[in-house]
Amino acid sequence: MATKQEEREEFSKAQKILTEEMKRGEFRPLYLFYGEEAYLLSYYKNIFVRAFSENEGINIHRVGEDLETKNLKDIAETLPFFAPYRLMLFDGKVFGKKKLGDDFVQYLKTSPESTVMVFLEEKTDKRSSFYKIVKERGLILPCVEQDSVFLQKFALGILKKEGKEIARPEMQELLQRTGSNMFRIQTECQKLAAFLGEETVVTLESIDTCLKKLPEDRIFDLIEAMGRGNREELFHYYGDLLQLEESPTKIRSLIKNNVEKLLLVREKLTEGLSERDIARALSMEPWRVKKYTVEARTYTLQALRDLFHALLRLEEEIRKGKIKEQLALELLLLGEEKAYFN
């Protein structure tokens, strides 16, 4: 199974190939765009739609609910109208709930080169015959969550278009506020530019004023307050999350995810790894590792293990119906989960 970094490298290579081929007006018969980054999936889908939009898009067919192999073959074998290619768009039709038939997947081995088929999927199976056929005849673009270098360039490009400048510390703070979701980065950069008005330089103050912290960041603050035993701050952050209408289930899940990452980072620190080595070992962004490293050092390794095991035990008790979700969460925040287990 490929790591996130390997898929990012695959994305970079495939992106360059795709850009060059489209400049020459060349298309392969099959394309697969997959991954959790919805912005990239939407971006490359729109690139193909624009490329085939002449004559009111007469050479574009968006595949709907009709997945009958015979009907799809008829469409695929229809010659393009006064153009070298026609486009068929398949959105979630291979690994979704309603799937293409195996006979159509096999047909892709010999489908006409004049019909360009683009498949958009959130997930894929690299062992499947579909994946192997696309790899042999077409191009695969993993639209996965990107690293900090890519996201910085992306955010910088948006701000430059708006006539704004941003330095490295401000960029790091910006991405901490937005997270790695590219749609959110785009929206927040545009919001920040509008907030600045005629001012051209992004400052920490403007970011702090304009951009709200993500629930994940508030969870991190909450865990930090737990580690320090500061109940006043802890329940202040808890109240903030409730005001954001975050459910106790989601809050507990976010705490569990963050504690698990803290535990992994703490274990690597105990092994003597540097922040750079930890980032590589855990496929985590360097700025995230730095953040987790600072917090992980405030806990002993055993304390984090105990906290993580408590979360797992509470999860089991909730699943069995022995304790309500909100009560379990508040026992954890109060540090009284041990009394409950005893």
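The values are calculated or read from the model by the stated rules, or taken from the named source; none is laboratory data. On a predicted model such as this, the values are computed, not experimentally measured, just so you know. Cβ atoms come from the backbone with ideal geometry, glycine included; neighbour counts cover every protein chain shown. Only protein heavy atoms, including side chains, enter the accessible area calculation; ligands, DNA and RNA are left aside. Shrake-Rupley method; radii C 1.70, N 1.55, O 1.52, S 1.80 Å.
Which residues, taken from the range 250-267, are closer than 19 Å to Gln302 by Cβ and free of Cβ contacts under 8 Å to residues at least 40 places away in the same chain? Explain how you work it out, then say what you get.
Quick first cut of the range 250-267, residues closer than 19 Å to Gln302 by Cβ only: 255-256, 258-267.
Passing the criteria: Lys261, Leu264, Val265, Arg266, Glu267.
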Set Val259, Val265, Val289: member being open to solvent by less than 80 Å² (accessible area, probe 1.4 Å), of a type in the set (Val, Ile, Thr) and in contact with an Asp or Glu (Cβ under 6 Å, 6 or more places away or on another chain) = Val289
Applying the selection to the range 1-22, what residues are farther than 13 Å from Tyr44 by Cα and open to solvent by less than 50 Å² (accessible area, probe 1.4 Å)?
-> Ala2, Glu7, Arg8, Ser12, Glu21
Among the candidates Thr293, Thr270, Thr298, residue that is β-branched (Val, Ile, Thr) and touching a residue at least 40 places away in the same chain (Cβ under 8 Å) = Thr298
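Yes/no matrix, rows are residues, columns are (1) aliphatic (A, V, I, L, M); (2) open to solvent by less than 10 Å² (accessible area, probe 1.4 Å); (3) farther than 16 Å from Val144 by Cβ:
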| position | (1), (2), (3) |
| --- | --- |
| Phe27 | no, no, yes |
| Gly35 | no, yes, no |
| Tyr39 | no, no, no |
| Ser42 | no, no, no |
| Phe48 | no, yes, yes |
| Phe52 | no, no, yes |
| Gly57 | no, no, yes |
| Arg62 | no, no, yes |
| Glu65 | no, no, yes |
Identify the residue in the range 139-176 that is at pLDDT below 95, open to solvent by less than 20 Å² (accessible area, probe 1.4 Å) and out of contact with any strand residue (DSSP E or B) (no Cβ under 9 Å at 6 or more places or on another chain) and, among all such residues, is nearest to Gln15 (Cα to Cα).
-> Gln146
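What about Ser283, is it without any contact (Cβ under 8 Å) to a residue 24 or more places away in the chain, open to solvent by less than 60 Å² (accessible area, probe 1.4 Å) and of a type in the set (S, T, N, Q)? Before the answer, list the steps.
Details: without any contact (Cβ under 8 Å) to a residue 24 or more places away in the chain: no; open to solvent by less than 60 Å² (accessible area, probe 1.4 Å): yes; of a type in the set (S, T, N, Q): yes.
It is false that Ser283 is without any contact (Cβ under 8 Å) to a residue 24 or more places away in the chain, open to solvent by less than 60 Å² (accessible area, probe 1.4 Å) and of a type in the set (S, T, N, Q).
Among Glu56, Glu9, which is over 20 Å from Met182 (Cβ atoms), of a type outside the set (Lys, Arg), without any contact (Cβ under 8 Å) to a residue 24 or more places away in the chain and part of a helix (DSSP H, G or I)?
Numbers: Glu9 fails: over 20 Å from Met182 (Cβ atoms).
Sole residue among the options that is over 20 Å from Met182 (Cβ atoms), of a type outside the set (Lys, Arg), without any contact (Cβ under 8 Å) to a residue 24 or more places away in the chain and part of a helix (DSSP H, G or I): Glu56.
Report yes if Lys191 is closer than 25 Å to Thr3 by Cα and open to solvent by 10 Å² or more (accessible area, probe 1.4 Å), otherwise no. Explain how you work it out, then say what you get.
Details: closer than 25 Å to Thr3 by Cα: no; open to solvent by 10 Å² or more (accessible area, probe 1.4 Å): yes.
No: the conditions fail for Lys191.
Out of the residues in the range 233-249 that are in a helix (DSSP H, G or I) and free of Cβ contacts under 8 Å to residues at least 24 places away in the same chain, which is surrounded by the most Cβ atoms within 10 Å (Cβ to Cβ)?
Restricting attention to the range 233-249, the residues satisfying the condition of being in a helix (DSSP H, G or I) are 233-243, 248-249.
Subset that is free of Cβ contacts under 8 Å to residues at least 24 places away in the same chain: 233, 236-237, 239-240, 242-243.
Values: Glu233: 15, His236: 14, Tyr237: 23, Gly239: 10, Asp240: 16, Leu242: 14, Gln243: 8.
Across the range 233-249, the extreme among qualifying residues is Tyr237.
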Scanning the range 208-219 for residues that are at pLDDT 80 or above and surrounded by 16 or more Cβ atoms within 10 Å (Cβ to Cβ), which turns out farthest from Thr293 (Cα to Cα)?
-> Cys210
For Lys212, state whether it is of a type outside the set (Gly, Ala, Ser) and farther than 24 Å from Val149 by Cα.
-> no
Residue check for Lys126: basic (Lys, Arg) and touching a residue at least 40 places away in the same chain (Cβ under 8 Å) | yes
Conditions (1) more than 30 Å from Glu285 (Cα to Cα); (2) open to solvent by less than 80 Å² (accessible area, probe 1.4 Å); (3) touching a strand residue (DSSP E or B) at 6+ places or on another chain (Cβ under 9 Å) -> Val105 fails only (3)
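Would you confirm, using the coordinates I've provided, whether Ile47 is touching a His at 6+ places or on another chain (Cβ under 8 Å) and either not hydroxyl-bearing (Ser, Thr, Tyr) or not in a loop (DSSP other than H, G, I, E, B) (or both)?
Values: touching a His at 6+ places or on another chain (Cβ under 8 Å): no; either not hydroxyl-bearing (Ser, Thr, Tyr) or not in a loop (DSSP other than H, G, I, E, B) (or both): yes.
No.
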Residue among Glu198, Glu205 that alone is under 22 Å from Arg288 (Cα atoms) and free of Cβ contacts under 8 Å to residues at least 60 places away in the same chain | Glu205
